[in-house]
(Lines give C-alpha, C1' and ligand atoms only; values in the text may rest on other atoms or scores of the structure.)
Protein backbone atom coordinates (compact mmCIF):
# COMPACT_ATOMS: atom_id res chain seq x y z
CA UNK A 1 0.00 0.00 0.00
CA UNK A 2 1.23 3.46 -0.90
CA UNK A 3 2.12 5.50 2.18
CA UNK A 4 2.84 8.83 0.54
CA UNK A 5 -0.06 10.88 -0.75
CA UNK A 6 2.29 12.28 -3.41
CA UNK A 7 2.34 8.83 -5.01
CA UNK A 8 -1.46 8.68 -4.98
CA UNK A 9 -1.83 12.14 -6.51
CA UNK A 10 0.74 11.26 -9.17
CA UNK A 11 -0.82 7.90 -10.02
CA UNK A 12 -4.28 9.41 -10.36
CA UNK A 13 -3.01 12.16 -12.65
CA UNK A 14 -3.55 15.25 -10.48
CA UNK A 15 -0.08 16.78 -10.34
CA UNK A 16 0.92 19.16 -13.12
CA UNK A 17 3.99 20.87 -11.64
CA UNK A 18 5.61 21.61 -8.29
CA UNK A 19 8.34 23.88 -6.98
CA UNK A 20 10.66 21.35 -5.28
CA UNK A 21 9.60 17.81 -6.14
CA UNK A 22 12.02 15.74 -4.05
CA UNK A 23 11.66 17.97 -1.00
CA UNK A 24 7.87 17.79 -1.29
CA UNK A 25 7.92 13.98 -1.48
CA UNK A 26 10.00 13.78 1.72
CA UNK A 27 7.87 16.38 3.49
CA UNK A 28 4.59 14.59 2.73
CA UNK A 29 6.08 11.24 3.72
CA UNK A 30 7.48 12.38 7.06
CA UNK A 31 5.21 15.16 8.39
CA UNK A 32 1.57 16.03 8.85
CA UNK A 33 1.49 19.04 6.55
CA UNK A 34 -0.84 22.01 6.69
CA UNK A 35 -1.62 23.20 3.15
CA UNK A 36 -4.10 25.54 1.54
CA UNK A 37 -6.18 26.04 -1.58
CA UNK A 38 -7.89 29.33 -2.29
CA UNK A 39 -11.45 29.72 -3.54
CA UNK A 40 -12.71 33.13 -4.64
CA UNK A 41 -16.49 33.15 -4.00
CA UNK A 42 -17.39 34.97 -7.22
CA UNK A 43 -20.55 32.86 -7.73
CA UNK A 44 -23.18 31.33 -5.45
CA UNK A 45 -22.03 27.80 -6.31
CA UNK A 46 -18.83 25.91 -6.92
CA UNK A 47 -18.50 24.29 -10.35
CA UNK A 48 -16.87 21.10 -11.58
CA UNK A 49 -13.52 22.83 -12.07
CA UNK A 50 -13.35 23.40 -8.31
CA UNK A 51 -14.10 19.74 -7.68
CA UNK A 52 -10.56 18.73 -8.68
CA UNK A 53 -9.24 20.91 -5.83
CA UNK A 54 -11.77 19.47 -3.38
CA UNK A 55 -10.74 15.92 -4.31
CA UNK A 56 -7.09 16.83 -3.74
CA UNK A 57 -7.95 18.17 -0.27
CA UNK A 58 -9.86 14.97 0.50
CA UNK A 59 -6.98 12.73 -0.60
CA UNK A 60 -4.54 14.80 1.46
CA UNK A 61 -6.71 14.63 4.57
CA UNK A 62 -7.05 10.86 4.22
CA UNK A 63 -3.27 10.69 4.65
CA UNK A 64 -3.35 12.82 7.80
CA UNK A 65 -2.56 16.24 6.31
CA UNK A 66 -4.55 19.35 7.24
CA UNK A 67 -6.40 21.33 4.57
CA UNK A 68 -7.10 25.04 4.82
CA UNK A 69 -9.92 26.10 2.51
CA UNK A 70 -9.16 29.77 2.05
CA UNK A 71 -12.12 31.88 1.04
CA UNK A 72 -10.99 34.92 -0.91
CA UNK A 73 -13.36 37.39 0.66
CA UNK A 74 -10.75 40.11 0.26
CA UNK A 75 -9.21 39.15 -3.09
CA UNK A 76 -12.67 38.66 -4.64
CA UNK A 77 -13.18 42.40 -4.22
CA UNK A 78 -10.32 42.87 -6.70
CA UNK A 79 -10.59 39.92 -9.08
CA UNK A 80 -7.99 37.42 -10.23
CA UNK A 81 -6.81 38.14 -13.81
CA UNK A 82 -5.56 34.56 -14.24
CA UNK A 83 -7.09 32.90 -17.28
CA UNK A 84 -9.32 35.89 -18.01
CA UNK A 85 -9.52 38.42 -20.79
CA UNK A 86 -11.94 40.73 -19.02
CA UNK A 87 -12.14 42.35 -15.60
CA UNK A 88 -14.33 40.82 -12.92
CA UNK A 89 -17.23 42.70 -11.45
CA UNK A 90 -16.67 44.09 -7.96
CA UNK A 91 -18.93 42.32 -5.43
CA UNK A 92 -20.39 43.41 -2.09
CA UNK A 93 -19.17 41.93 1.19
CA UNK A 94 -22.67 40.57 1.89
CA UNK A 95 -22.81 38.70 -1.42
CA UNK A 96 -19.31 37.32 -0.92
CA UNK A 97 -20.15 36.08 2.60
CA UNK A 98 -23.33 34.38 1.38
CA UNK A 99 -21.44 32.61 -1.41
CA UNK A 100 -18.74 31.50 1.04
CA UNK A 101 -21.33 29.87 3.32
CA UNK A 102 -22.62 27.85 0.36
CA UNK A 103 -19.07 26.77 -0.47
CA UNK A 104 -18.52 25.42 3.04
CA UNK A 105 -21.58 23.18 2.79
CA UNK A 106 -19.93 21.49 -0.19
CA UNK A 107 -16.54 21.23 1.55
CA UNK A 108 -18.19 19.52 4.50
CA UNK A 109 -19.30 16.64 2.26
CA UNK A 110 -15.65 15.73 1.67
CA UNK A 111 -13.63 17.09 4.58
CA UNK A 112 -13.74 16.58 8.34
CA UNK A 113 -13.61 19.95 10.10
CA UNK A 114 -13.94 18.54 13.63
CA UNK A 115 -11.00 19.05 16.01
CA UNK A 116 -9.26 21.34 13.54
CA UNK A 117 -8.60 18.54 11.06
CA UNK A 118 -9.55 21.05 8.38
CA UNK A 119 -10.25 24.75 8.67
CA UNK A 120 -11.88 27.41 6.55
CA UNK A 121 -10.66 30.98 6.81
CA UNK A 122 -11.37 34.21 4.94
CA UNK A 123 -8.56 36.44 3.70
CA UNK A 124 -10.82 39.45 4.22
CA UNK A 125 -9.77 39.14 7.87
CA UNK A 126 -6.30 40.47 7.04
CA UNK A 127 -6.63 42.08 3.61
CA UNK A 128 -9.45 44.57 4.15
CA UNK A 129 -7.71 46.37 7.00
CA UNK A 130 -4.26 46.53 5.45
CA UNK A 131 -2.34 49.80 5.75
CA UNK A 132 -1.39 50.43 2.13
CA UNK A 133 1.89 52.24 2.79
CA UNK A 134 3.03 49.61 5.27
CA UNK A 135 2.01 46.85 2.84
CA UNK A 136 4.07 48.40 0.03
CA UNK A 137 7.10 48.84 2.27
CA UNK A 138 6.88 45.39 3.84
CA UNK A 139 5.61 43.23 0.94
CA UNK A 140 5.88 45.24 -2.29
CA UNK A 141 9.66 45.60 -1.99
CA UNK A 142 10.04 41.85 -2.59
CA UNK A 143 8.41 41.97 -6.06
CA UNK A 144 10.00 42.89 -9.39
CA UNK A 145 7.56 44.56 -11.78
CA UNK A 146 9.58 43.36 -14.76
CA UNK A 147 9.26 39.77 -13.60
CA UNK A 148 5.59 40.11 -12.74
CA UNK A 149 4.81 41.26 -16.27
CA UNK A 150 6.22 38.00 -17.66
CA UNK A 151 3.61 35.97 -15.76
CA UNK A 152 0.92 34.38 -17.93
CA UNK A 153 -1.88 35.78 -15.78
CA UNK A 154 -0.77 39.32 -16.70
CA UNK A 155 0.40 38.76 -20.27
CA UNK A 156 -3.08 37.63 -21.27
CA UNK A 157 -4.55 40.92 -20.05
CA UNK A 158 -1.96 43.30 -21.47
CA UNK A 159 -3.60 43.74 -24.87
CA UNK A 160 -6.97 44.85 -23.47
CA UNK A 161 -5.43 46.74 -20.61
CA UNK A 162 -4.32 45.50 -17.21
CA UNK A 163 -5.61 47.71 -14.40
CA UNK A 164 -3.49 48.51 -11.38
CA UNK A 165 -6.32 47.05 -9.31
CA UNK A 166 -5.74 43.63 -10.88
CA UNK A 167 -1.97 44.08 -10.85
CA UNK A 168 -2.12 43.94 -7.04
CA UNK A 169 -3.68 40.48 -7.07
CA UNK A 170 -0.42 38.55 -7.17
CA UNK A 171 0.93 40.47 -4.17
CA UNK A 172 -2.22 39.81 -2.18
CA UNK A 173 -2.28 36.08 -2.98
CA UNK A 174 1.38 35.83 -2.01
CA UNK A 175 0.57 37.66 1.20
CA UNK A 176 -2.16 35.10 1.91
CA UNK A 177 0.48 32.35 1.94
CA UNK A 178 2.68 34.43 4.24
CA UNK A 179 -0.19 35.02 6.69
CA UNK A 180 -1.32 31.38 6.66
CA UNK A 181 2.28 30.32 7.28
CA UNK A 182 2.51 32.75 10.21
CA UNK A 183 -0.89 31.95 11.73
CA UNK A 184 -1.31 28.23 11.02
CA UNK A 185 2.13 26.87 10.09
CA UNK A 186 0.99 26.38 6.48
CA UNK A 187 3.81 24.93 4.36
CA UNK A 188 2.18 24.33 0.98
CA UNK A 189 -0.09 26.12 -1.46
CA UNK A 190 -2.03 24.16 -4.06
CA UNK A 191 -4.08 25.35 -7.00
CA UNK A 192 -5.07 24.89 -10.60
CA UNK A 193 -2.36 25.10 -13.21
CA UNK A 194 -3.48 28.64 -14.10
CA UNK A 195 -2.33 29.71 -10.60
CA UNK A 196 1.31 28.76 -11.09
CA UNK A 197 2.67 32.32 -11.23
CA UNK A 198 0.74 33.38 -8.14
CA UNK A 199 1.82 30.28 -6.22
CA UNK A 200 5.50 30.81 -7.05
CA UNK A 201 5.15 34.41 -5.86
CA UNK A 202 3.81 33.20 -2.50
CA UNK A 203 6.51 30.56 -2.07
CA UNK A 204 9.24 33.10 -2.79
CA UNK A 205 7.74 35.73 -0.49
CA UNK A 206 7.61 33.39 2.51
CA UNK A 207 11.12 32.10 1.86
CA UNK A 208 12.51 35.63 1.61
CA UNK A 209 10.74 37.02 4.66
CA UNK A 210 11.02 34.00 6.95
CA UNK A 211 14.00 32.08 5.54
CA UNK A 212 11.87 28.95 5.88
CA UNK A 213 11.06 26.25 3.35
CA UNK A 214 7.57 26.30 1.86
CA UNK A 215 6.33 24.76 -1.36
CA UNK A 216 3.81 25.02 -4.17
CA UNK A 217 2.04 22.52 -6.39
CA UNK A 218 -0.47 22.84 -9.21
CA UNK A 219 -2.97 20.39 -10.61
CA UNK A 220 -4.27 19.58 -14.04
CA UNK A 221 -7.26 21.53 -15.23
CA UNK A 222 -10.16 19.30 -16.23
CA UNK A 223 -9.82 18.99 -20.01
CA UNK A 224 -10.80 16.51 -22.71
CA UNK A 225 -8.26 14.39 -24.57
CA UNK A 226 -8.22 17.20 -27.18
CA UNK A 227 -7.28 19.75 -24.51
CA UNK A 228 -10.71 21.42 -24.42
CA UNK A 229 -11.84 22.57 -20.98
CA UNK A 230 -14.57 20.30 -19.58
CA UNK A 231 -17.59 21.31 -17.55
CA UNK A 232 -19.41 23.50 -20.05
CA UNK A 233 -23.07 22.78 -20.84
CA UNK A 234 -25.67 24.47 -22.99
CA UNK A 235 -26.67 26.45 -19.90
CA UNK A 236 -23.10 27.40 -19.02
CA UNK A 237 -20.96 25.90 -16.27
CA UNK A 238 -21.55 22.46 -14.77
CA UNK A 239 -22.48 23.60 -11.26
CA UNK A 240 -22.37 21.55 -8.06
CA UNK A 241 -25.56 23.21 -6.77
CA UNK A 242 -28.60 21.07 -7.74
CA UNK A 243 -30.67 24.23 -8.22
CA UNK A 244 -28.29 25.38 -10.96
CA UNK A 245 -27.50 22.01 -12.55
CA UNK A 246 -29.97 19.25 -11.71
CA UNK A 247 -28.63 15.86 -10.61
CA UNK A 248 -30.09 14.38 -13.82
CA UNK A 249 -28.27 16.90 -16.04
CA UNK A 250 -25.12 16.41 -13.97
CA UNK A 251 -25.33 12.64 -14.38
CA UNK A 252 -26.02 12.94 -18.11
CA UNK A 253 -22.96 15.10 -18.63
CA UNK A 254 -20.66 12.34 -17.40
CA UNK A 255 -22.68 9.58 -19.07
CA UNK A 256 -22.07 11.25 -22.42
CA UNK A 257 -18.38 12.19 -22.28
CA UNK A 258 -15.97 10.97 -24.93
CA UNK A 259 -14.60 7.43 -24.71
CA UNK A 260 -11.02 8.71 -24.45
CA UNK A 261 -11.83 10.77 -21.34
CA UNK A 262 -13.44 8.05 -19.20
CA UNK A 263 -10.33 6.72 -17.46
CA UNK A 264 -8.96 10.19 -16.69
CA UNK A 265 -12.27 11.33 -15.17
CA UNK A 266 -12.62 8.13 -13.12
CA UNK A 267 -9.14 8.74 -11.69
CA UNK A 268 -9.63 12.43 -10.94
CA UNK A 269 -13.29 12.59 -9.91
CA UNK A 270 -13.91 9.38 -7.97
CA UNK A 271 -12.29 7.41 -5.15
CA UNK A 272 -12.48 4.11 -7.02
CA UNK A 273 -9.25 2.06 -6.71
CA UNK A 274 -6.89 2.63 -9.63
CA UNK A 275 -7.01 -1.06 -10.55
CA UNK A 276 -10.75 -0.73 -11.16
CA UNK A 277 -10.25 2.61 -12.93
CA UNK A 278 -7.83 1.01 -15.39
CA UNK A 279 -10.11 -1.95 -16.01
CA UNK A 280 -13.05 0.33 -16.76
CA UNK A 281 -10.94 2.66 -18.88
CA UNK A 282 -9.73 -0.25 -20.99
CA UNK A 283 -13.24 -1.23 -22.11
CA UNK A 284 -13.92 -0.73 -25.81
CA UNK A 285 -16.84 -0.10 -28.17
CA UNK A 286 -20.25 -0.70 -26.57
CA UNK A 287 -18.69 -1.93 -23.32
CA UNK A 288 -17.28 1.53 -22.58
CA UNK A 289 -20.88 2.62 -21.89
CA UNK A 290 -20.75 0.57 -18.69
CA UNK A 291 -17.68 2.55 -17.60
CA UNK A 292 -19.48 5.80 -18.38
CA UNK A 293 -22.43 4.70 -16.24
CA UNK A 294 -20.07 3.91 -13.36
CA UNK A 295 -18.39 7.29 -13.76
CA UNK A 296 -21.67 9.19 -13.93
CA UNK A 297 -23.09 7.36 -10.91
CA UNK A 298 -19.96 7.74 -8.76
CA UNK A 299 -19.46 11.47 -9.44
CA UNK A 300 -23.17 12.24 -8.99
CA UNK A 301 -23.18 10.22 -5.74
CA UNK A 302 -20.26 12.22 -4.36
CA UNK A 303 -21.87 15.56 -5.16
CA UNK A 304 -25.59 14.89 -4.71
CA UNK A 305 -25.81 11.71 -2.64
CA UNK A 306 -26.54 8.08 -3.51
CA UNK A 307 -30.32 8.51 -3.69
CA UNK A 308 -30.15 11.29 -6.27
CA UNK A 309 -27.50 9.40 -8.23
CA UNK A 310 -29.73 6.30 -8.35
CA UNK A 311 -32.72 8.38 -9.49
CA UNK A 312 -30.65 10.05 -12.21
CA UNK A 313 -29.31 6.71 -13.41
CA UNK A 314 -32.77 5.18 -13.48
CA UNK A 315 -34.15 8.17 -15.40
CA UNK A 316 -31.34 8.02 -17.93
CA UNK A 317 -31.81 4.29 -18.52
CA UNK A 318 -35.56 4.68 -19.01
CA UNK A 319 -35.08 7.60 -21.37
CA UNK A 320 -32.59 5.68 -23.51
CA UNK A 321 -34.75 2.56 -23.53
CA UNK A 322 -37.80 4.51 -24.65
CA UNK A 323 -39.70 3.97 -21.38
CA UNK A 324 -40.16 7.69 -20.82
CA UNK A 325 -43.48 7.82 -18.99
CA UNK A 326 -42.06 7.57 -15.49
CA UNK A 327 -38.46 8.63 -16.15
CA UNK A 328 -37.24 11.47 -13.94
CA UNK A 329 -36.50 13.75 -16.91
CA UNK A 330 -36.17 17.52 -16.39
CA UNK A 331 -39.50 19.23 -16.95
CA UNK A 332 -40.34 22.41 -18.82
CA UNK A 333 -43.61 24.13 -18.01
CA UNK A 334 -45.52 25.67 -20.91
CA UNK A 335 -48.62 27.82 -20.65
CA UNK A 336 -51.68 26.04 -21.99
CA UNK A 337 -52.75 29.05 -24.03
CA UNK A 338 -49.45 28.92 -25.94
CA UNK A 339 -50.54 25.56 -27.35
CA UNK A 340 -54.05 26.85 -28.03
CA UNK A 341 -55.78 24.77 -30.68
CA UNK A 342 -52.44 23.36 -31.74
CA UNK A 343 -48.76 24.26 -31.97
CA UNK A 344 -46.33 23.39 -34.74
CA UNK A 345 -43.09 21.64 -33.88
CA UNK A 346 -40.82 24.59 -34.70
CA UNK A 347 -42.79 26.92 -32.45
CA UNK A 348 -42.97 24.27 -29.74
CA UNK A 349 -39.20 23.76 -29.66
CA UNK A 350 -38.51 27.50 -29.59
CA UNK A 351 -41.18 28.34 -27.00
CA UNK A 352 -39.98 25.54 -24.70
CA UNK A 353 -36.39 26.74 -24.99
CA UNK A 354 -35.26 23.35 -26.29
CA UNK A 355 -33.94 25.16 -29.35
CA UNK A 356 -32.57 28.69 -29.28
CA UNK A 357 -34.61 29.71 -32.34
CA UNK A 358 -36.99 28.42 -34.97
CA UNK A 359 -34.04 28.35 -37.33
CA UNK A 360 -32.20 25.87 -35.12
CA UNK A 361 -35.43 23.89 -34.71
CA UNK A 362 -35.93 23.73 -38.49
CA UNK A 363 -32.36 22.50 -38.99
CA UNK A 364 -32.66 19.78 -36.34
CA UNK A 365 -36.02 18.53 -37.63
CA UNK A 366 -34.71 18.40 -41.20
CA UNK A 367 -31.69 16.40 -39.97
CA UNK A 368 -33.84 13.93 -37.97
CA UNK A 369 -32.44 15.37 -34.74
CA UNK A 370 -35.81 15.68 -32.95
CA UNK A 371 -38.04 12.95 -31.54
CA UNK A 372 -41.38 13.47 -29.78
CA UNK A 373 -42.79 10.73 -27.56
CA UNK A 374 -40.23 8.31 -28.97
CA UNK A 375 -41.00 9.05 -32.64
CA UNK A 376 -38.69 10.90 -35.02
CA UNK A 377 -40.18 14.13 -36.37
CA UNK A 378 -39.38 14.83 -40.01
CA UNK A 379 -42.23 17.22 -40.92
CA UNK A 380 -41.60 20.86 -39.99
CA UNK A 381 -45.40 21.36 -40.08
CA UNK A 382 -46.09 18.63 -37.52
CA UNK A 383 -48.69 19.95 -35.09
CA UNK A 384 -49.53 19.00 -31.49
CA UNK A 385 -52.71 19.71 -29.53
CA UNK A 386 -53.46 19.76 -25.80
CA UNK A 387 -54.61 16.16 -26.06
CA UNK A 388 -51.02 15.12 -26.86
CA UNK A 389 -49.88 16.40 -23.47
CA UNK A 390 -52.56 14.77 -21.34
CA UNK A 391 -50.81 11.47 -20.58
CA UNK A 392 -47.94 13.28 -18.82
CA UNK A 393 -45.33 11.78 -21.10
CA UNK A 394 -44.75 14.46 -23.72
CA UNK A 395 -41.01 13.91 -23.94
CA UNK A 396 -38.89 15.67 -26.53
CA UNK A 397 -35.48 14.27 -27.43
CA UNK A 398 -32.96 16.63 -29.00
CA UNK A 399 -30.00 14.94 -30.63
CA UNK A 400 -28.67 11.89 -28.82
CA UNK A 401 -28.36 13.33 -25.32
CA UNK A 402 -30.98 15.94 -24.39
CA UNK A 403 -34.36 14.87 -23.03
CA UNK A 404 -37.08 17.22 -21.77
CA UNK A 405 -40.66 16.59 -20.65
CA UNK A 406 -43.07 19.42 -21.47
CA UNK A 407 -45.90 19.93 -19.00
CA UNK A 408 -48.83 22.25 -19.68
CA UNK A 409 -49.80 24.64 -16.87
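Tabulated data
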item	result
Segment 113-135, subset surrounded by 13 or more Cβ atoms within 10 Å (Cβ to Cβ) and assigned to a helix (DSSP H, G or I), residue modelled with the lowest pLDDT	135
Selection status of residue 171, outside any helix (DSSP H, G or I), within 17 Å of residue 38 (Cα to Cα), in contact with a helix residue (DSSP H, G or I) (Cβ under 9 Å, 6 or more places away or on another chain) and modelled with pLDDT under 90	no
Flag for residue 236 being outside the structural domain of residue 46 (by TED's automatic domain parsing), under 14 Å from the mean Cα position of the chain (by Cα), over 20 Å from residue 55 (Cα atoms) and modelled with pLDDT under 95	yes
Lone unmet requirement of (1) touching a residue at least 40 places away in the same chain (Cβ under 8 Å); (2) assigned to a helix (DSSP H, G or I) for residue 244	(2)
Residue match in segment 265-278 (condition: outside any helix (DSSP H, G or I) and modelled with pLDDT under 95)	no
Segment 9-18, residues that are surrounded by fewer than 20 Cβ atoms within 10 Å (Cβ to Cβ) and part of a loop (DSSP other than H, G, I, E, B)	13
When residues of segment 20-40 are limited to those that are free of Cβ contacts under 8 Å to residues at least 40 places away in the same chain and more than 12 Å from residue 65 (Cβ to Cβ), the one surrounded by the most Cβ atoms within 10 Å (Cβ to Cβ)	25
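The values are calculated or read from the model by the stated rules, or taken from the named source; none is laboratory data. From a predicted model like this one, the values you see are computed outputs, not experimental measurements. Don't worry about glycine lacking a Cβ; one is built from the backbone with ideal geometry, like all the others, and counts go over all protein chains shown.
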